[in-house]
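The structure under discussion appears below in the form of structure tokens.
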Amino acid sequence: YRTEPRDYAAEGLLAGDYGPAVEGQRLAEYVIHPHAIDPALTTVNDVTVTVGGVGYLLSSDARETAKQFGIISGFRSFQSTPDYSRRFGVAVWRFPTEQDASSVAQALHDTTNEIHHPYIHGVSSGPQTPVGLPQPPGTFAGIYRWDASRTHTRNDSHVVSAFTARGMFVIYTYAYNEGTDTAWATDTIVRAVPEQQVLLDRFPATATEQIAALPIDVDKVLGRAVGFLDNETLDNTDAAVYGPAGWLHFDSHPVRRREAFEATGTDLVAMLNSTVYRTGSDEGALTLRDEFAEITLENYPDLIEDASAPQ
């Protein structure tokens, strides 16, 4: 592993074919946090940068539809309650033009004839029942149900999912709830989509033809992560520089960590086989280190410090 910082800019390295992944990583800062919509959603399920597709949740027909419309990349964040009885997620997908996004939103809805169960591999839902939502306009929504006897879960459950076009993006919202009452799932989506639209409007999207020219590093922070060896693999979520809000999607204590970031002036987080946080001062770095140590001890109370370990 590297022991000296790497200067990507001096090496003249731009994203190139990795550009769509970099654009998806940039997008993370402008995707709402599920726990901000419902504070009970405290368990991180899935946080992923996607490239050239929409991921595993939708039917194969819907996945193929997204590819036909030239999907570039996206970012998704899903969280659940600790008992997994409720789950909410949002994905934002980037398309080449506003017309592409507008057309694909309804096409995805029409071709999503089933969705996959969030916790049981290989199990798909029953057919979609379209449903009208009071807001926001231009949202295509449907309800999908699971029978407990077929999925071997403790209760019947359902999902309300929706597609909303916004500029050259499509917002996908997903709310899973055990039981037969759809009120929580519907209300969660109705509240979340307008918030996501407002946040997305602030995203400084890269022109499609300029995505390959995106810099790999930001302020030489990524160059201070140790990186990967040639025989190690990385995915589109790695090799990234996130803003503080983008990084909080990955964090198990997002509210507490946000307060720590604000107090220490932490503005960039680089991830490349190690994680490097840039704070506003040397003192801020020490404070953030102590915060990490404290949370780790709370999560793993049986840990003891090994005085013989290198410090």
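The values are calculated or read from the model by the stated rules, or taken from the named source; none is laboratory data. Keep in mind that this is a model prediction, so the values were computed, not measured. As a convention, Cβ positions derive from the backbone with ideal geometry for all residues, glycine included, and neighbour counts pool all protein chains shown. Calculation scope for accessible area: heavy atoms of the full protein, side chains included, ligands and nucleic acids excluded. Shrake-Rupley method; radii C 1.70, N 1.55, O 1.52, S 1.80 Å.
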**Fill in**
Rounded to the nearest 10 Å², the 1.4 Å probe accessible area of residue 168 is 50
**Asked** Given the C-alpha centroids of segment 234-311 and segment 7-43, what is the distance between them in whole angstrom?
**Response** 17
**Request:** Return one number: the angle in degrees, 0 to 90 and rounded to the nearest 10, between the long axis of the Cα atoms of helix 282-299 and the longest principal axis of the Cα atoms of the chain.
**Result:** 50
**Prompt:** Per-residue ellipticity at 222 nm for the chain, helices alone: DSSP H runs ≥ 4 residues times -39500 (n - 2.57), over residue total, nearest 500 deg cm²/dmol?
**Reply:** -8500 deg cm²/dmol
**Prompt:** Counting only protein chains, not ligands or nucleic acids, how are 304, 295, 216 ordered by accessible area (probe 1.4 Å), most first?
**Reply:** 304, 216, 295
**Message:** Let me test this: with uniform point scatterers at the alpha carbons of segment 110-257, what is the Debye-based log₁₀ I(q)/I(0) at q = 0.15 1/Å?
**Reply:** -1.02
**Request:** Normalising by the residue count of the chain, find the relative contact order in percent from Cα pairs under 8 Å and 6+ residues apart.
**Result:** 20
**Gaussian network model of the chain, springs between alpha carbon atoms under 10 Å - residue of 68, 25, 106 with greatest fluctuation** = 68
**Accessible area per residue, Å², segment 172-311 with all protein chains present, probe 1.4 Å** = 54
**Request:** Could you order 73, 281 by accessible surface area, starting with the largest, using a probe radius of 1.4 Å?
**Result:** 281, 73
**Asked** Going by alpha carbons, how many degrees (0 to 90, nearest 10) lie between the helix axis of 98-111 and the longest principal axis of the chain?
**Response** 60
**Item:** For q = 0.11, 0.25, 0.27, 0.28 Å⁻¹, Debye-computed log10 I/I(0) when each Cα of segment 35-101 counts as one equal scatterer
**Value:** -0.32, -1.00, -1.08, -1.13
**Request:** Within the chain, what's the longest run with no GluC sites (Glu not before Pro) in a DSSP loop and at most 12 other beta-carbon atoms within 10 Å? Give the range, please.
**Result:** 12-231
**Asked** Could you give the semi-axes, largest first, of the ellipsoid that matches segment 1-55, computed as the square roots of 5 times the alpha carbon gyration tensor eigenvalues and rounded to whole Å?
**Response** 31, 16, 11
